[in-house]
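A.B. asks: Before anything else, here's the structure in question.
The values are calculated or read from the model by the stated rules, or taken from the named source; none is laboratory data. None of these values were measured; they are calculated from a predicted model. Reconstructed Cβ throughout: ideal geometry from the backbone, glycine too, with neighbour counts over all protein chains shown. The protein model used for the area step is the full one, side chains on, heavy atoms only, and it has no ligands, DNA or RNA in it. Shrake-Rupley method; radii C 1.70, N 1.55, O 1.52, S 1.80 Å.
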Amino acid sequence: MDDMIFYDRLQFAFTITFHYIFPQLTMGLSLMIVYFKWKYLRTKLERYNNAAKFFMKIFAINFTMGVVTGIPMEFQFGTNWAKFSELTGGIIGQTLAMEGLFSFFLESSFLALFIFGEKLMGQKLHFLTGFLVFLGSWASGYFILATNSWMQNPVGYEILENGKYVLTNFSALFSNPWLIPAFLHNQFASVVTSSFVVAAIGAFYVLRNKNLEYGKLFLKTGVIFGFVSSMLVAVPTGDWNAKNVAKFQPAAFAAMEGIFETEEAGAEIVLIGQPNMVEKKIDNKIAVPNILSFLTYQDWNKQIPGMDQFTKEELPDNIPALYYSYHIMVGLGTIFIGLMGLALLFLWRRKLYTMNTLLWGIMFAFPFPYIANITGWYVAELGRQPYLVYGLLKTVDGISPTVSSGNTLFTLLGFVGLYMLLGLLFLVLVGKTIHKGPETQTH
Amino acid sequence: MELFWYTMIAIVLAVFFILDGYDFGTGIIHLFFAKKEKDKEVIAKAAGLFWDSNEVWLVAAGGLLFMAFPTFYASVFSGFYLPLIIVLWFIIFRAIGLELRSQFNFQMWKDIWDKSFGVSSLLLTLFFGIALGNVVRGVNLGGVENGVSAYEAHYFFLPLWNSSFSPEGTHPGVIDWFTIVIGIIAVVTLSIHGANWIILKTESSINEKLKSVVFKLNIALLLLTIFSVSIWHIIKPQPFSNFIESPLLFIFPMIYLSGLFGTFLVKKFKKDVYAFACSSLIIVGGITSSLASMFPVILPSTNSVNESLTIYNTAASEYGLSVALGWGIVGFALLLVYFIVQKRLMGGKVDKMDYGH
Ligand code: HDD
Ligand code: HEM
Ligand code: HEM
């Protein structure tokens, strides 16, 4: 039983982490493509149109990867988490099926039209198809977060005698207080990823003195989008999420903030330090007193329960991973604001395009939003442990009763091998597209 | 309400097999008949432009099944664990084959991805057929051994095959001679369908040849159909009881047969669309007839201890199914709109469309 759940969790974690590399870019990028296309309609400058089409190519590659890695996610609910699917399918099946029906169809139908249909449709309709692709991809983010929010904070359900969860209030799924903050935070975070990627490609062109016109355009757009989205990710949405965790999952909150002991009045915020699970304290701690209470409740002296207030069964099972993930996300978020703020300053002073050191920095910064996004999800998912549906259904009780650990180990290894190949090919394709650059000839 | 969602899911599945079916079939034809580079390229394009929007239908069918019949979803997906995951891998190999072949211009690269596309399409089709065979034949629900269930009554786990390869008895494997026959039927059907699609969408040099291939495959399909109907009683004692009870259901086999006989006239058709329509009828008729013969069962039990899964004992709550009806109607209406828009703008032969990357 123990190794069964272990491999099931490992496989889910591995495949979802890989899947989420792609949607985070497509969701953010679709917004920026709509922006480029809109600029083109306004200014009639050919370069905006070419930029939109260039990024749609990168979008398309990522989209394909999103599709082929997303289908295994959907299957795994049934293959590896059969008991969970059986018990809660009547509820989360709603949002997952809506995602398929409302967003994936929208996105995939109009993506094909955007790529092939420019000459047939004229510019206004072409803009519209781009907009619908954006709408589809954000809608799919919305529905999948509605699913996840129900697991984090179950609402609108009733549990029958046989243990099944039945839906009693459909609209509660969408007015879940967990949903809107999580959705906005997640979407802005995906805009962070895409703007870092756009800016990095721009920096690459400028540093190589190639496609200069586009290099500058991408840098400028990437930096502006990057700064705004990095700010929005921290305040109000990051802060808002933290308040929700404190309210709905206090045990997870204590663990991610690294509060081992409850303080009489006012909790400190841990900036740096390593959780020591044996002595139950933070080693090498650098902390600021009372700040956490203020940030969470706008009250310097409010008491925040530490991990000592919870039993071992109520606490997440991997506290250090949770703590580190959270601190990496927040730390990176702070650095992003700094980096993009600096770049924006130099852009405004018209010095950015010649600041080689900063350009190198921007070029190599693009992997970090991916890391922040993935660690952010680890905070959410590890913090939810030991429950699959928070407070109600334990993760152990959700696995497939008939699938043995040997089978899962075999398929896990298969996924690892296949995804390595997939990742390699993906890099080659994106690299090739970037190398070729936007098409400069006009028609 | 169960019946409504059952019908909707059947429709979505049928559409999936018509749409993605042609690109599976295209892969099979590509593997066996495309010899010249130019043909290989247009044929791959006839599938490559469309596969991802077609595969969304699979995602939608999965999502709807999860929502409406969660117990069935849980049982079948965990019970067929290995074959399903392997199907996933083929789906991935097929997709990357299509996307990658035209990226670099040297022969070995193209050959590798052509094979990846072709072989995966073939095996996927075979596996989908085998899956249908399993669902029709039934499984050892509850893992019964000597009259005692090893799991809860609606769970099971099958070996890939058992030593006798026989569909009879309580302990069938995933692959036995019956499910293989259904698998081959699927391969033949989709090859016909794929060939029709190529003829419709391309100006490849093998179009004329494909017409006679379709003719020959259709004869094979006719024989296989007769064979499988004649052995149906092995897996289901009274195979036609549903049809005899409600003769209206005969409409489904009729659809199948009209497609099958229509296909014999392929060479005479002035419009290639008719041929494609006929093979679509075969697919729809085949799937619906199998479902109709089982109704309301969706997964028969091969033992006498645990009862079969039906649309009634696996469905979600009444409330859930009815709210889903509300958004479902809106969703399907939108789908129809996209579909029409897309078909109007993307009609015609693919040879002349320039493919994005
Ligand atoms: C670029 C990525 C990124 C950045 C810079 C940040 N986040 Fe984040 N965060 C995410 C990307 C992310 C995410 C991956 O998108 C998550 C996972 C679940 C979700 O809805 O968003 C998330 C979740 C998430 C949660 C919820 C955890 C849970 O559900 O248990 C909190 C409390 C925060 N974030 C707080 C912050 C704060 C205070 C930040 C300050 C700068 C911050 N995040 C920056
Ligand atoms: C929004 C949609 C998502 C849903 C519905 C979802 C659902 C699930 C489910 C069912 C499990 C297995 C049960 C469990 O271990 O609790 C799981 C585990 C996990 N997920 Fe998510 N997930 C989502 C998004 C993500 C993303 C985007 C990531 C990371 C990038 C992620 C990371 C993980 C990890 C690391 C685990 C393993 C946690 C553990 O078992 O310790 N999840 N998730
Ligand atoms: C366990 C959870 C998840 C499941 C079951 C899942 C399922 C899927 C499936 C089946 C696809 C392919 C759709 C198609 O055919 O077009 C897909 C793609 C996509 N997924 Fe996921 N997914 C999960 C997690 C996530 C998360 C956490 C996000 C973002 C918040 C996300 C956003 C998307 C988007 C935007 C696409 C469209 C493809 C793209 O733009 O790359 N998914 N997902």
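A.B. asks: Return the total of residues in region B:323-338 being in contact with a helix residue (DSSP H, G or I) (Cβ under 9 Å, 6 or more places away or on another chain) and more than 9 Å from every other protein chain (Cβ to nearest Cβ). Even if it seems obvious, please write down each step before you answer.
C.D. replies: Kept after step one, since they are in contact with a helix residue (DSSP H, G or I) (Cβ under 9 Å, 6 or more places away or on another chain), are these residues of region B:323-338: B:323-325, B:327-328, B:330-332, B:334-335, B:338.
Going one step further and asking which of them are more than 9 Å from every other protein chain (Cβ to nearest Cβ), we end up with B:325.
Number satisfying all stated conditions: 1.
Conditions (1) within 16 Å of ligand 2 (Cβ to nearest atom); (2) among the small types (Gly, Ala, Ser); (3) within 24 Å of B:GLU99 (Cα to Cα), marked per residue:
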position	(1), (2), (3)
A:ILE21	yes, no, yes
A:MET27	yes, no, yes
A:MET32	no, no, no
A:PHE36	no, no, no
A:LYS44	no, no, no
A:TYR48	no, no, no
A:LYS53	no, no, yes
A:LYS57	no, no, yes
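A.B. asks: Considering region A:249-294 alone, what residues qualify as being in contact with a strand residue (DSSP E or B) (Cβ under 8 Å, 6 or more places away or on another chain) and either within 16 Å of ligand 3 (Cβ to nearest atom) or among the aliphatic types (A, V, I, L, M) (or both)?
C.D. replies: A:ILE259, A:ILE269, A:VAL270, A:LEU271, A:ILE272, A:ILE282, A:ILE286, A:ALA287, A:VAL288, A:ILE291, A:LEU292
A.B. asks: Quick check: anything in region A:131-150 open to solvent by 20 Å² or more (accessible area, probe 1.4 Å), at pLDDT below 90, in a helix (DSSP H, G or I) and more than 16 Å from ligand 1 (Cβ to nearest atom)?
C.D. replies: Within region A:131-150, not a single residue is open to solvent by 20 Å² or more (accessible area, probe 1.4 Å), at pLDDT below 90, in a helix (DSSP H, G or I) and more than 16 Å from ligand 1 (Cβ to nearest atom).
A.B. asks: Which residue pairs have Cβ atoms closer than 8 Å, lie 6 or more positions apart in sequence or on different chains, and pair a first residue in region B:181-194 that is over 15 Å from B:PHE127 (Cβ atoms) and open to solvent by less than 10 Å² (accessible area, probe 1.4 Å) with a second residue that is modelled with pLDDT of 90 or more and among the acidic types (Asp, Glu)?
C.D. replies: So the pair list comes out empty.
A.B. asks: Would you point out the residue of region B:173-219, among those that are at pLDDT below 85 and small (Gly, Ala, Ser), that is nearest to the chain's Cα centre (by Cα)?
C.D. replies: B:GLY173
A.B. asks: Taking region A:241-256 as the search range and keeping residues that are more than 22 Å from A:LEU184 (Cβ to Cβ) and more than 16 Å from ligand 2 (Cβ to nearest atom), which one is surrounded by the most Cβ atoms within 10 Å (Cβ to Cβ)?
C.D. replies: Looking at the filtered set, the residue picked out is A:ALA254.
A.B. asks: Looking at region A:344-360, is at least one residue within 19 Å of the chain's Cα centre (by Cα) and open to solvent by 40 Å² or more (accessible area, probe 1.4 Å)?
C.D. replies: no
A.B. asks: Let me ask something additional. Considering only residues that are among the small types (Gly, Ala, Ser) and away from ligand 2 (no atom under 12 Å from the Cβ), which ones fall in region A:136-163?
C.D. replies: Of everything in region A:136-163, those that are among the small types (Gly, Ala, Ser) and away from ligand 2 (no atom under 12 Å from the Cβ) turn out to be A:GLY136, A:SER137, A:ALA139, A:GLY156, A:GLY163.
A.B. asks: I need the full set of residues from region B:138-164 which are touching a residue at least 60 places away in the same chain (Cβ under 8 Å) and on the phi > 0 side of the Ramachandran plot, in order please.
C.D. replies: B:GLY138, B:GLY142, B:GLY147
A.B. asks: Where the second residue is of a type in the set (Val, Ile, Thr) and crowded, with 24+ Cβ neighbours inside 10 Å and the first is over 8 Å from A:PRO369 (Cα atoms) and lies in region A:185-199, which pairs have Cβ atoms under 6 Å and are six or more apart or on separate chains?
C.D. replies: The qualifying pairs are A:PHE188/A:VAL233; A:ALA199/A:VAL223; A:ALA199/A:ILE362.
A.B. asks: To continue, here is another question. Out of all the residues in region B:127-161, which are within 29 Å of B:GLU55 (Cα to Cα) and open to solvent by 50 Å² or more (accessible area, probe 1.4 Å)?
C.D. replies: Correct list: B:LEU132, B:PHE157, B:PRO159, B:LEU160, B:TRP161.
A.B. asks: Tally up the residues in region A:365-402 that are within 16 Å of ligand 1 (Cβ to nearest atom) and not in a loop (DSSP other than H, G, I, E, B), please.
C.D. replies: 23
A.B. asks: Out of A:VAL166, A:VAL133, which single residue is in contact with a helix residue (DSSP H, G or I) (Cβ under 7 Å, 6 or more places away or on another chain), over 30 Å from A:LYS37 (Cα atoms) and away from ligand 2 (no atom under 14 Å from the Cβ)?
C.D. replies: A:VAL166
A.B. asks: Restricting to region B:150-166, name every residue that is of a type outside the set (A, V, I, L, M), away from chain A (no Cβ under 11 Å) and out of contact with any helix residue (DSSP H, G or I) (no Cβ under 8 Å at 6 or more places or on another chain).
C.D. replies: Passing the criteria: B:PRO159, B:TRP161, B:ASN162, B:SER163, B:SER164.
A.B. asks: Name the single residue, out of those in region A:4-19 being among the hydroxyl-bearing types (Ser, Thr, Tyr) and surrounded by 20 or more Cβ atoms within 10 Å (Cβ to Cβ), that is nearest to ligand 2 (Cβ to nearest atom).
C.D. replies: Here the residue is A:THR15.
A.B. asks: Related question: Condition check: open to solvent by 30 Å² or more (accessible area, probe 1.4 Å) and more than 16 Å from ligand 2 (Cβ to nearest atom). Does A:ILE115 satisfy that? It would help to see each step written out before you state the result.
C.D. replies: Details: open to solvent by 30 Å² or more (accessible area, probe 1.4 Å): yes; more than 16 Å from ligand 2 (Cβ to nearest atom): yes.
Yes; evaluated as a whole, the condition is true for this residue.
A.B. asks: Also, I was wondering about something else. Residues of region A:20-35 being more than 16 Å from ligand 1 (Cβ to nearest atom) and either aliphatic (A, V, I, L, M) or open to solvent by less than 30 Å² (accessible area, probe 1.4 Å) (or both), which ones?
C.D. replies: Step one: list which residues in region A:20-35 are more than 16 Å from ligand 1 (Cβ to nearest atom), which gives A:30, A:33-35.
Once the filter is applied, which keeps residues that are more than 16 Å from ligand 1 (Cβ to nearest atom) and either aliphatic (A, V, I, L, M) or open to solvent by less than 30 Å² (accessible area, probe 1.4 Å) (or both), region A:20-35 yields A:SER30, A:ILE33, A:VAL34.
A.B. asks: Among the residues of region A:182-193, is there at least one that is within 16 Å of ligand 2 (Cβ to nearest atom), open to solvent by 10 Å² or more (accessible area, probe 1.4 Å) and within 14 Å of chain B (Cβ to nearest Cβ)?
C.D. replies: There is no residue in region A:182-193 that is within 16 Å of ligand 2 (Cβ to nearest atom), open to solvent by 10 Å² or more (accessible area, probe 1.4 Å) and within 14 Å of chain B (Cβ to nearest Cβ).
A.B. asks: Since A:SER229 meets every condition but one in (1) out of contact with any Ser or Thr (no Cβ under 9 Å at 6 or more places or on another chain); (2) within 16 Å of ligand 3 (Cβ to nearest atom), which condition does it not meet?
C.D. replies: So the condition that A:SER229 fails would be (1).
A.B. asks: Give the residues of region A:159-177 that are open to solvent by 20 Å² or more (accessible area, probe 1.4 Å) and more than 14 Å from chain B (Cβ to nearest Cβ), sorted by residue number.
C.D. replies: A:SER175, A:PRO177
A.B. asks: Looking at A:PHE204, A:PHE227, A:PHE196, A:PHE260, which one is more than 16 Å from ligand 1 (Cβ to nearest atom), at pLDDT 90 or above and away from chain B (no Cβ under 14 Å)? Walk me through it before giving the result.
C.D. replies: On the way: A:PHE227 fails: more than 16 Å from ligand 1 (Cβ to nearest atom); A:PHE196 fails: more than 16 Å from ligand 1 (Cβ to nearest atom); A:PHE260 fails: at pLDDT 90 or above.
After applying the criteria, what remains is A:PHE204.
A.B. asks: Whether any residue in region A:377-388 is within 14 Å of chain B (Cβ to nearest Cβ), of a type outside the set (Asp, Glu), out of contact with any His (no Cβ under 7 Å at 6 or more places or on another chain) and within 16 Å of ligand 3 (Cβ to nearest atom) is what I want to check.
C.D. replies: yes
A.B. asks: Suppose we filter region A:394-420 for residues that are within 14 Å of chain B (Cβ to nearest Cβ) and within 22 Å of A:ASP317 (Cβ to Cβ); how many remain?
C.D. replies: Residues meeting the conditions: 10.
A.B. asks: Same structure, new question: Just a yes or no: is a residue in region A:93-101 open to solvent by less than 30 Å² (accessible area, probe 1.4 Å) and touching a Pro at 6+ places or on another chain (Cβ under 7 Å)?
C.D. replies: Yes.
A.B. asks: So, one more: With of a type in the set (A, V, I, L, M), over 23 Å from the mean Cα position of the chain (by Cα) and open to solvent by 30 Å² or more (accessible area, probe 1.4 Å) as the only criterion, which of B:VAL297, B:VAL284, B:VAL273, B:VAL305 stands out?
C.D. replies: B:VAL305
A.B. asks: Of the residues B:PHE16, B:PHE66, only one is more than 16 Å from ligand 2 (Cβ to nearest atom), of a type in the set (Phe, Trp, Tyr) and crowded, with 20+ Cβ neighbours inside 10 Å; which?
C.D. replies: Going through B:PHE16, B:PHE66 in turn, the sole match is B:PHE16.
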